[in-house]
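A short write-up of the structure that comes next.
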Amino acid sequence: PAPVPAGLRVRLACIVYDGLLLVALWMIVTAILVPLGTPDAAADSKELSVVPDWYRQLVLFPALVLVTWLFYGYFWTRIGQTLGMQTWRLKVVRRDGSLPRWRDAFARCASACLFPLACALIAQVLYGSSKAVLLSMLIGFVLNYLWMLWSRTGISWHDQLSGTRVLRLPAEPKKRRRFLGWFAEKND
């Protein structure tokens, strides 16, 4: 069978799986960068100190965004699948069926952020609270994917904007294996 457009539930499950991997990468980057941004006085006295706001905004946050883009870009441009997408048999392709290029990966990541950022900006103007901004970003993220339910083609907004689509690959036939499925494949 041919690949079909991926459904909403399987894409959201994949996001959760990839999100766990991204959190682990973010923790590693943060563990490296936070000591570099810790003031010397706090480091010498072994006091718990928060890194300065300018460091969080100009170094830490951009580093985490860059790691996220590199994570998705690397996997999408190499095999069209992140680790979570491999688990759920999903694959990102361009409209012509080829693998995305780095430009496509950047466009896909950037366009996935557009609607959540627009919702956050509206919340900031209307309410001015960080909780409202965070909730609005989450709503924008979910609406980005809920659009799939109303779209004729069944693709999300960032798929449409970036010229890509996510396909669900057919399941590979199961192979019989020796000794409880371990080790070598059994030749029939």
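The residue that is farthest from S151 (Cα to Cα), among those in the range 8-20 that are more than 12 Å from the chain's Cα centre (by Cα) and touching a residue at least 12 places away in the same chain (Cβ under 8 Å), is V10. S98 passes every criterion in (1) hydroxyl-bearing (S, T, Y); (2) farther than 19 Å from L12 by Cβ; (3) in a helix (DSSP H, G or I) apart from (3).
Checking each residue of the range 102-109 against the condition of being in contact (Cβ under 8 Å) with a residue 40 or more places away in the chain, open to solvent by 70 Å² or more (accessible area, probe 1.4 Å) and either β-branched (V, I, T) or within 19 Å of G7 (Cβ to Cβ) (or both) gives no match.
Residue by residue, here is whether (1) open to solvent by 30 Å² or more (accessible area, probe 1.4 Å); (2) more than 16 Å from V4 (Cα to Cα) holds:
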position: S111; (1), (2): no, yes
position: P116; (1), (2): no, yes
position: S136; (1), (2): no, yes
position: G154; (1), (2): no, no
position: L169; (1), (2): yes, no
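Does T77 meet the test of being in a helix (DSSP H, G or I), of a type in the set (S, T, Y) and either surrounded by fewer than 19 Cβ atoms within 10 Å (Cβ to Cβ) or touching a strand residue (DSSP E or B) at 6+ places or on another chain (Cβ under 9 Å) (or both)? Spelling it out, T77 is indeed in a helix (DSSP H, G or I), of a type in the set (S, T, Y) and either surrounded by fewer than 19 Cβ atoms within 10 Å (Cβ to Cβ) or touching a strand residue (DSSP E or B) at 6+ places or on another chain (Cβ under 9 Å) (or both).
Within the range 21-37, being loosely packed, with under 15 Cβ neighbours inside 10 Å and either outside any helix (DSSP H, G or I) or without any contact (Cβ under 8 Å) to a residue 24 or more places away in the chain (or both) holds for V23, A24, M27, I28, A31, I32, P35, L36. Only one entry in F141, F106, F115 is over 21 Å from Y17 (Cβ atoms), at pLDDT below 95 and not basic (K, R), namely F115.
If only residues of the range 139-152 that are over 15 Å from R11 (Cα atoms) and surrounded by 13 or more Cβ atoms within 10 Å (Cβ to Cβ) are counted, the one that is farthest from the chain's Cα centre (by Cα) is S151. Listed by first and then second residue, the pairs linking a residue in the range 60-87 that is touching a residue at least 60 places away in the same chain (Cβ under 8 Å) to a residue that is assigned to a helix (DSSP H, G or I) and open to solvent by 70 Å² or more (accessible area, probe 1.4 Å), with Cβ atoms under 7 Å apart and 6 or more places separating them unless they lie on different chains, are G84/Y17; T87/Y17.
The values are calculated or read from the model by the stated rules, or taken from the named source; none is laboratory data. What you see is a predicted model, and the numbers here were worked out from it, not measured in a lab. No Cβ is skipped: glycine too gets one built from the backbone with ideal geometry, and neighbour counts run over all protein chains shown. Each accessible area value is taken on the protein alone, full model and side chains, heavy atoms only, with ligands, DNA and RNA left out. Shrake-Rupley method; radii C 1.70, N 1.55, O 1.52, S 1.80 Å.
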